[in-house]
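Below is one structure, written out as structure tokens; comments come after it.
The values are calculated or read from the model by the stated rules, or taken from the named source; none is laboratory data. For clarity, every value in this text was computed on a predicted model and none was experimentally measured. Ideal geometry is used to build each Cβ from the backbone, glycine not excepted, and the neighbour counts take in all protein chains shown.
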Amino acid sequence: MTLKLYDLCGAEADVRFSPPCWMAKLALLHKGLDFETVPLRFAEKANYPDPDYGMLPMLDDGGTLIKDSQAIAAHLDEKHPERPLFGSEGERAAHQFYRAFAGGHLFPALAPMTFADVEKALDDDSKAYFREKREARLGRTLEEAAADEGLGPKAEAALQVIAAPLEAHDFFGGSAPNLSDYLFGGIFLWRRAVAAKDPYETPPALARWFARVLDLYDGYGRKAKRAVA
């Protein structure tokens with residue numbers, strides 16, 4: 001049975017930008033599993049498999065509904081143990097640090113400069129919802145947040161940290177990608193989908209790594225449609 005992943009989309013159904021959804025898709029590709037995606041917008045929560053939960057991704061695996069990208073990854077390794085998402089317990093432990101760093105430092109550095117771009121890619125019905133929720137989180141308008149000149153240096157400081165292991169390794173998993181690559185890859189695929197340029201300098205090792213991520217699985221990430229030219 002084909003797995004079904006409910007995936008967040010913009011005004012155009014084939015523009016997908018959600019970092020957690022990207023992580024789930026890359027994990028499914030890593031596993032070599034057949035899956036289909038169901039695009040849904042912010043304004044279509046009534047059509048989500050669990051409207052009360054109200055967040056994506058959600059994975060339908062033979063009638064079992066799994067919510068949250070980390071839970072989806074854990075489910076995939078448990079039910080489909082072939083091609084595990086981590087090569088060792090050490091990689092699994094390192095992922096806990098990477099996950100904490102992404103949530104505490106990387107995403108907060110990139111989000112204020114990205115939210116305004118995301119809003120431009122949304123359908124009209126979703127824009128008001130997105131703006132209200134994000135401006136409440138930021139404590140200012142999307143435009144004010146995006147114009148903050150301190151965002152570039154803050155992002156560069158976070159990028160230098162995650163670039164360090166990539167000076168000597170192709171992936172966070174070493175010679176092959178693991179879930180940490182899909183965690184960070186999802187965040188950068190998010191910006192790539194909606195932002196025309198970056199107001200920061202990307203460390204060369206990180207740029208080379210992201211090019212490798214884009215080329216994974218027959219160029220799945222590189223072929224993804226963007227909302228910007």
Could you check the range 162-183 and list, in sequence order, the residues that are assigned to a helix (DSSP H, G or I), surrounded by 14 or more Cβ atoms within 10 Å (Cβ to Cβ) and in contact with a helix residue (DSSP H, G or I) (Cβ under 8 Å, 6 or more places away or on another chain)? Ile162, Ala163, Leu166, Leu179, Ser180, Asp181, Tyr182, Leu183
Can you find even one residue in the range 32-43 that is surrounded by fewer than 22 Cβ atoms within 10 Å (Cβ to Cβ), over 15 Å from the mean Cα position of the chain (by Cα), part of a loop (DSSP other than H, G, I, E, B) and in contact (Cβ under 8 Å) with a residue 60 or more places away in the chain? yes
Considering only residues of the range 124-146 that are more than 25 Å from Leu206 (Cβ to Cβ) and hydrophobic (A, V, I, L, M, F, W, C), which is surrounded by the fewest Cβ atoms within 10 Å (Cβ to Cβ)? Ala136
Checking Gly152 against (1) at pLDDT 95 or above; (2) in a helix (DSSP H, G or I), only one condition comes out false. Which one? (1)
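Just to check your reading of the model, which residue among Gly62, Gly54 is surrounded by fewer than 16 Cβ atoms within 10 Å (Cβ to Cβ), of a type outside the set (A, V, I, L, M), assigned by TED's automatic domain parsing to the domain that holds His30 and touching a residue at least 12 places away in the same chain (Cβ under 8 Å)?
Numbers: Gly54 fails: touching a residue at least 12 places away in the same chain (Cβ under 8 Å).
Result of the check over Gly62, Gly54: Gly62.
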Which residues, counting only those in the range 181-209, are more than 17 Å from Ala146 (Cα to Cα) and over 9 Å from the mean Cα position of the chain (by Cα)? Asp181, Thr202, Pro203, Pro204, Ala205, Leu206, Ala207, Arg208, Trp209
Given the structure, is Gly150 within 30 Å of Ala128 (Cβ to Cβ) and either polar (S, T, N, Q) or surrounded by fewer than 17 Cβ atoms within 10 Å (Cβ to Cβ) (or both)? yes
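With the condition kept exactly as written, say whether any residue in the range 24-41 is among the small types (Gly, Ala, Ser), within 19 Å of Phe184 (Cα to Cα) and in contact with a strand residue (DSSP E or B) (Cβ under 9 Å, 6 or more places away or on another chain).
Yes: the range 24-41 contains one or more residues that are among the small types (Gly, Ala, Ser), within 19 Å of Phe184 (Cα to Cα) and in contact with a strand residue (DSSP E or B) (Cβ under 9 Å, 6 or more places away or on another chain).
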Which residues, counting only those in the range 184-204, are surrounded by fewer than 19 Cβ atoms within 10 Å (Cβ to Cβ) and small (Gly, Ala, Ser)? Ala196
Kindly provide the set of residues from the range 184-200 that are in contact with a helix residue (DSSP H, G or I) (Cβ under 6 Å, 6 or more places away or on another chain) and either among the charged types (D, E, K, R) or farther than 22 Å from Cys9 by Cα (or both), ordered by number. Arg191, Pro199, Tyr200
Single condition Arg226 does not satisfy, out of (1) touching a residue at least 60 places away in the same chain (Cβ under 8 Å); (2) within 23 Å of Pro84 (Cα to Cα): (2)
